[in-house]
Amino acid sequence: MARRAGVGIESVFPYDYIVRSAEESLRNLKLDAIDLLQLHVWNPEWIDREEWRRAFEDLKRDGKIRAAGFSSPTTIRIRASASSAPASSTWSR
């Protein structure tokens, strides 16, 4: 469902969900920081949205994650936008 056109990232990965999930993982794993936080569902329509960018930037700024990324079948398009994206990792199926 998340890959369907018209489904917004705020419905699938709202800012609060990304941050809360990262913080819960830190507690569960008894870590100070996550080496790589990666979103595993991606829709190319989301590349310019602020929800995921802001969450990644805030978590990185707060030292809770070291790097962030996403898996995507559209890695080439995302890499072309990498200069404005805070993602450190991409994976394409």
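Each reported figure results from applying straightforward, stated rules to the coordinates on display, with no laboratory input. Everything numeric here is computed off the predicted structure, so don't read it as measured data. FYI the Cβ positions are ideal-geometry reconstructions off the backbone, even for glycines, and counts take in every protein chain you see.
Taking other Cβ within 10 Å of each residue's Cβ, how do F56, F13 sort, fewest first?
So the residues, fewest neighbours to most, are F13, F56.
Among R66, R61, which comes first, then next, by fewest other beta-carbon atoms within 10 Å?
R61, R66
What residues qualify as long-range amide H neighbours of Q38, i.e. H under 5 Å apart, gap of 5 or more or another chain, H built at 1.01 Å from N?
So Q38 has HN proximity to G69.
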